[in-house]
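The values are calculated or read from the model by the stated rules, or taken from the named source; none is laboratory data. Fair warning: this is a prediction, and the values are worked out from it, not measured in the lab. Positions of Cβ are backbone-derived with ideal geometry, glycine not excepted, and every protein chain shown enters the neighbour counts.
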Amino acid sequence: MRSVACHCVTVLFVAMLALPASAAEWKPLDPAHLALKQPTIDPGADAEALLWEVHVSDEVDPSGSPSTVYEHYLRVKIFTDRGREAFATVDIPFASGIEVRDVAARTIRPDGSIVELKKSDIYERTVVKSDDLKVKMKSFAIPALERGTIVEYTWRELHRDSLATNLKLRFSRDIPVHDVRYYLRALSVPGYQMVAFPFNGNFAAPQKQKDGFTMLSLSNVQAQVDEEFGLPDLEGRPWVFVGYEPSGRSDSPDFDKHLSSDLYEEYSKRARPTPEIRQLAAAALTGATTDAAKVAALARVARDKIRRIDVDTATDSDRRQLKETKNAGDALRKGIGTADDVLLLFLALADAAKLDARVAALASRAQLFPRSLRPHPAFMPERIAAIHSGAGWLFVDPANQYSAAGELPWDFEMQRALIGDPRQPMTAETPASPAAYSLKKRVGVFKLLDDGTLEGEARLEYSGHWGEIFRNDEDQDTAADREKDLRELLTKRLPGVEMSDVRIDNLLDPSKPYTNVYRIRIAGYAQRAGSRLILQPAIFQKGVPQMFAAPQRKTPLHFPFAWSELDVVTIELPEGYAPEASLDRQGFDAGAAKYEPLVTLTGSRLTFTRGLSVATSGLYELNTYQPFRAFFEAVHKADGEPIVLRKKDGL
Amino acid sequence: MISRLTVLACALALASTASAATLPPWARAIMPAAAGATTASAVVLVDDVALAIGTDGKMRSIKHYAALIRDRAGRDAAVLRSVYVPGSGAVKSLRAWIVNGGVVRDVDARGIIDASLVNNDVYNEVRIRGLSARDDVSAGEVFVAELESEEQLLFSQFEWTMQNQWPTRVLRRTLDLQPGWRATSVVFNGPAQEPQHDGSNLIWERRDVAALPDEPAMPAASDVIPRLAVSVFAPAQTTAPGQFDSWQGVAKWLDALSDGSGIPTAAVTAKARAVTQGISDEFDRAAAIGRFVQQVQYISIQTGVGRGGGYQPRPPALVLERNYGDCKDKAALMRAMLAAVGIRSYVVSLYSGDRNYVRAEWASPQQFNHAIIAIALHPSADRGASAIDHPVLGKLVIFDPTDEHTPFGELPLHEQGSLALIVHPGSTALVRLPLLPADHHATDRAIDGVLAANGTLSASVHEHYTGESAATARALRNGLDPQSYLEMLRRRVAASIPRALVTNITAPVDASRDQPLSFDVEAPGFAQQTGGLVLVPMPFDSGTLLQIPSAADRKTAVLLEPSVVSETVTLQLPAGLTLDDVQQPIRIESPFGRYTLEFIPTMGALRARRRLEIPLQRIDPAELPAAKLFFDQVRRADSDVVVLTRKP
């Protein structure tokens, strides 16, 4: 289940639109660029963008409707055949309400000769068309493209009924860029102003242009990098937020106060309990004595009473039933609704239970860290509940259907939450869940045969955020697909494995761990060495690649959440075989991360217990990589440590 | 948004209650069949296509389709669609209903989607139009749909697949013939089936057809699904488009389409001369032109498909100027360049993606989806492994200029062994392209290493490739940026040498040169110490060993492509350690492959030699247990560990 969100902005202005049609105006070319033989920002780059310019201009068309005009310009130097292939064709998709014109492209050979794209070689087609959707595409192939050439192309987009607001302007591409320039021109509207917040780059100071544009620029931009445990998209690349706001609001010290007050106003009246809600709350609170227990009980009721239809598991028929919810009582009566309806019902239940429950706004950590928050409502789009308890606040997301009782999803943890209040703003940091909350528990009962074959049953339980992740990933799959995926995953790790009696339990029951159960048989699991068998008891880690295996890294680390693992593996040894050496194992404790292995032998039954705790989450700077790498390298090595079994003499 | 959905919901509610929809008679007739079914997620009750060809060359088609949806996954069966080419074809009508017991409701026609069929071409006019009720239909309901289309035919030939993704009760194809016309048919991948005659109609029908299997390592679906191929012939005085009763007819038609495309212009001639300047050997001159055409960017722009545009190349001069084109454009450019230096050549039509797709029994251009080239070289200049003897045209070297990783003189493995047509008026039959044995697709790996006393392995690795193994290695190196290539290589090496650091990589790039892959490896903790023993695994690259699927319920064969991997590992052992346990030589011979492994202890060192040869083969389900046994034995032998002990 994933939320399906829709953000709409409607603002009306009156001004004048000017979109003159024009032939391509190519920018002057630096001869040094023509002579360039090697990339200058990244020696391994297949191509580098020499210049990337976008003009963004809000205007008004003759009918009085606002429009946004985008003028794109890209100049790229090709260094390799991969670069040539990557830029061989250009596709410009556009939906209804968008007009694409003035497409032009040309190739400049190293000798300075130019091959222009002919207008007849620009193709337009309707990619998909239905009653309420039409997506078209303009496409062309770049002529005479070779290594060493410069290709440049430009086009204009007219977005009707549009304003350049809540835009996330990207300043990096999948190739390095020498110069990125965005030119912004806002509509002049009394009482409103355009705001722009830059992120993650050494941006030059905004420069006013003569034609009313303001230029934002960045130079020598590295290509985007995708690494294991990397940063969220908006934290790992340079970008600029652009939006409109009432003048003076965004830079006002009272921004929090305004938003906090707005939040309170929006929810407080609608979340008043009805008699039915009071009855529900009373029934749910039986036996709950602490605030935390009450909150959990009420979150479960809210979740169970409203089936969400703003999620990807809902059908079109479900969505057609979507109607505006007036208040909590209305939400309860309908029994279907959105995440907001579930929250509304929870707030009403909490009110009925005499808890001080408020709506709270925050950002998703999958998008932005607290450090990147800016005084604009678009930066805090998510809604949860905050319950005053003792000296602090309990946070709950009753709409999180795959948590046991409204626990926050990982991306709502460790975020700055702004709590709705009519008088003064309150903020608090949402807590991080402990490592024990997200547990991978694996239990195996196996028998080792004297030819090295291992057979037995495995049970894998995933709780906390692991359970949420698996459920979200798999709730749309069929049972056959889930089993197929599980088989493929295991086969990749343990080539030659035979799997049977596969079960996937508790997919839709978040009160229990998401569970996989299966039997396996692996011929030759224990390696032979003459009269010995070499056994890796860490069966669930066999064939798993090392975390952070790359010796170097380019970007900081981001751990979504803390987690722990517990393996208990028992192996019945083949008759006559016994360990040849000591079974002692060394654990290690690196503070936030801990590894605890233990091997015992009782008769012919070997038991391997493995505990791993990674009690850390959030952002870690690049200089922490090597310590993390060293820890996980040691874990990988310890997991691979074998036990040598030797047949006793005379057997 | 909300108000619009509300209005829509109200409208639908009214539609389903106040004015109950009515099913067409054909659908009402099959409704009793909805009761009782298999355990599949959906069952197609009827898949019926009826065609009629008019004397105007237009084909009119009516599709009737009904599917019982049994569970959530089966909702994908609630769709009916048709491919068409604007300008020469159109979907005239498309309607659908959902039946729930006795209640019938219309599927909203506003859900009709019209989309490009192919989106990775710069332009392709072929489209698909369909109506899906996937998000409306529920378990237990029946999706019913009918579609009517019209198309100006390019060929009076059809190919129908006779099996679906879902089990199918009735699968019927009907052809209504004009008086005096005749038709021939043949079934591939299934038993022969003669049509039933019903007046002017020919009817091919299958009942209770099992679902198309989707199994790992299965042959291409086109090599498994029963395919019905039909050719229609009009009497001499009547016109009908694209009639073929012989391969020579097909060759003549294709030759006429590409007529003149092989003639060089001045620009083409100049480029051909420049590319071959200083090269006297004919084979080398053809190879030089081949390399040039290989670098022409592959770009597909498909226009005029309904008029045979899919078979007609663009002028070579245009392709040269733009430096891009599709397979037929590249073949035509290469023909023109070869002609400019006095070398004769021909276009070769074949099917890319399934070497068993093209069948000699059905003479039809529709069997081809790819164009390559055959070059007639003087016998003294012919030294390519991809050469064939053509009964009319003599010795020909076959080359695919679209594949940038396979050098001149060789053929991509997936094209080897396929039937192809040399486009020449004198071609009377298909030719079989050469199929090279496993040892042509070889990887030779040498690992020379030193094992330190602390278990660290320091080694240099050299890999030499031939045939398809070489093409794959080049494709990997060319397809990945340096960082991604390093990461790919590190992961591959880590599968057999855990925690290995990979450095000093030199990798094969150029298809025309025989370049090895070399790199160094440093792996701390490679040899593990336990008690007084040192355990040394052998770093064989067994990660690519095929996983033989279980034979249980297996319906299709397992397809294995040919390869040979030879490895020699030499490890210098640390002082003070001696070999304790060494395996005896292993030799495993089976119809599924051959495997040898031997350990050769020498003074202070250990050498291991391993060779695994897999021939091209299709393993039937009944043979899978034996095949699995072979691969398990190999895997077990690969995982053997050498034990070292301290010298007394």
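With respect to being modelled with pLDDT under 95 and either in contact with a helix residue (DSSP H, G or I) (Cβ under 9 Å, 6 or more places away or on another chain) or buried (at least 23 other Cβ atoms within 10 Å of the Cβ) (or both), B:I289 falls outside the description.
The requirement of being facing another protein chain (nearest Cβ under 10 Å) and either closer than 18 Å to A:D46 by Cβ or touching a His at 6+ places or on another chain (Cβ under 8 Å) (or both) is fulfilled nowhere in the stretch A:121-139; no residue meets it. Kindly establish whether B:A317 is part of a helix (DSSP H, G or I), out of contact with any Leu (no Cβ under 8 Å at 6 or more places or on another chain), away from chain A (no Cβ under 14 Å) and aliphatic (A, V, I, L, M). Spelling it out, it is not the case that B:A317 is part of a helix (DSSP H, G or I), out of contact with any Leu (no Cβ under 8 Å at 6 or more places or on another chain), away from chain A (no Cβ under 14 Å) and aliphatic (A, V, I, L, M). Restricting A:V569, A:V544, A:V497 to residues that are touching a Pro at 6+ places or on another chain (Cβ under 7 Å) and not polar (S, T, N, Q) narrows the list to A:V569.
A count restricted to the stretch B:252-286 and to residues that are part of a helix (DSSP H, G or I) and surrounded by 21 or more Cβ atoms within 10 Å (Cβ to Cβ) stands at 7.
With a requirement of 1 or more residues that are closer than 23 Å to A:L163 by Cα and modelled with pLDDT under 90, the strands (runs of 3 or more DSSP E) lying completely within the stretch A:188-263 that satisfy it span A:192-199, A:239-246.
Residues considered: A:Y525, A:Y518. Of these, the only one that is closer than 29 Å to A:T600 by Cβ, buried (at least 17 other Cβ atoms within 10 Å of the Cβ), among the hydroxyl-bearing types (S, T, Y) and within 12 Å of another protein chain (Cβ to nearest Cβ) is A:Y525. Among the residues of the stretch B:23-53, write down those that are at pLDDT 85 or above and part of a loop (DSSP other than H, G, I, E, B). Across the stretch B:23-53, the qualifying residues are B:L23, B:P24, B:A40, B:S41.
Summed over the stretch B:613-648, the residues that are assigned to a helix (DSSP H, G or I), more than 18 Å from B:S563 (Cβ to Cβ) and acidic (D, E) give a count of 2. Residues in the stretch B:445-498 that are in a strand (DSSP E or B), touching a residue at least 60 places away in the same chain (Cβ under 8 Å) and among the charged types (D, E, K, R) were compared, and the one that is farthest from the other protein chains (Cβ to nearest Cβ) is B:D448. Take B:P537 and tell me if it is within 13 Å of chain A (Cβ to nearest Cβ) and closer than 30 Å to B:P625 by Cβ. Judged against the criteria, B:P537 is a match. Just wondering, is there one or more residues in the stretch B:150-160 that are surrounded by fewer than 19 Cβ atoms within 10 Å (Cβ to Cβ) and of a type in the set (S, T, Y)? For the stretch B:150-160, residues surrounded by fewer than 19 Cβ atoms within 10 Å (Cβ to Cβ) and of a type in the set (S, T, Y): absent. Residues in the stretch B:390-437 that are of a type in the set (K, R) and either under 12 Å from B:S349 (Cβ atoms) or surrounded by 23 or more Cβ atoms within 10 Å (Cβ to Cβ) (or both): none.
Starting from residues that are in a loop (DSSP other than H, G, I, E, B) and facing chain A (nearest Cβ under 9 Å), keep the ones in the stretch B:97-119 and report whichever is surrounded by the fewest Cβ atoms within 10 Å (Cβ to Cβ). Once the filter is applied, the top-ranked residue is B:N119. When you check A:F94 against the structure, is it among the hydrophobic types (A, V, I, L, M, F, W, C), under 13 Å from A:L145 (Cβ atoms) and touching a residue at least 12 places away in the same chain (Cβ under 8 Å), yes or no? No: the conditions fail for A:F94.
Starting from residues that are more than 7 Å from every other protein chain (Cβ to nearest Cβ) and within 20 Å of A:I142 (Cβ to Cβ), keep the ones in the stretch B:120-132 and report whichever is surrounded by the fewest Cβ atoms within 10 Å (Cβ to Cβ). That would be B:N120.
A residue that is under 31 Å from the mean Cα position of the chain (by Cα), under 22 Å from A:L169 (Cα atoms) and more than 14 Å from chain B (Cβ to nearest Cβ) can be found somewhere in the stretch A:79-94.
Every condition in (1) assigned to a loop (DSSP other than H, G, I, E, B); (2) small (G, A, S); (3) within 26 Å of the chain's Cα centre (by Cα) is met by B:S185 except one, and the failing one is (1). Within the stretch B:341-379, restricting attention to residues that are of a type in the set (G, A, S) and either out of contact with any helix residue (DSSP H, G or I) (no Cβ under 8 Å at 6 or more places or on another chain) or part of a loop (DSSP other than H, G, I, E, B) (or both), which residue is nearest to B:S246 (Cα to Cα)? Within the stretch B:341-379, the match that is nearest to B:S246 (Cα to Cα) is B:A363.
I need the full set of residues from the stretch A:604-622 which are of a type in the set (S, T, Y), surrounded by 16 or more Cβ atoms within 10 Å (Cβ to Cβ) and under 30 Å from A:R646 (Cβ atoms), in order please. Listed by number, the list holds a single entry, A:T609.
Scanning the stretch A:87-109 for any residue that is out of contact with any strand residue (DSSP E or B) (no Cβ under 7 Å at 6 or more places or on another chain) and either at pLDDT 95 or above or surrounded by fewer than 20 Cβ atoms within 10 Å (Cβ to Cβ) (or both) turns up at least one such residue. Selection of the stretch A:607-651 for residues being part of a strand (DSSP E or B) and of a type outside the set (V, I, T) yields A:F608, A:R610, A:G611, A:L612, A:S613, A:G618, A:L619, A:Y620, A:L645, A:R646, A:K647. Identify all residues within the stretch A:549-560 that are within 11 Å of chain B (Cβ to nearest Cβ) and either crowded, with 18+ Cβ neighbours inside 10 Å or over 30 Å from B:T503 (Cα atoms) (or both); write none if there are none. Selection gives A:A549 alone.
Each residue in the stretch A:304-355 was checked for being within 14 Å of another protein chain (Cβ to nearest Cβ), within 21 Å of A:L263 (Cβ to Cβ) and outside any helix (DSSP H, G or I), and 6 of them qualify.
What about A:A293, is it aliphatic (A, V, I, L, M), in a helix (DSSP H, G or I) and in contact with a Pro (Cβ under 8 Å, 6 or more places away or on another chain)? Against the criterion (aliphatic (A, V, I, L, M), in a helix (DSSP H, G or I) and in contact with a Pro (Cβ under 8 Å, 6 or more places away or on another chain)), A:A293 does not qualify. Being within 21 Å of B:N124 (Cα to Cα), part of a loop (DSSP other than H, G, I, E, B) and within 14 Å of chain A (Cβ to nearest Cβ) is a condition met by at least one residue of the stretch B:326-337. Taking (1) within 14 Å of chain A (Cβ to nearest Cβ); (2) among the hydroxyl-bearing types (S, T, Y); (3) surrounded by 15 or more Cβ atoms within 10 Å (Cβ to Cβ) in turn, B:T568 satisfies each apart from (1).
Looking at the stretch A:414-502, the strands (runs of 3 or more DSSP E) lying wholly inside it that each contain 2 or more residues that are within 14 Å of another protein chain (Cβ to nearest Cβ), in contact (Cβ under 8 Å) with a residue 40 or more places away in the chain and farther than 30 Å from A:F255 by Cβ sit at A:454-462.
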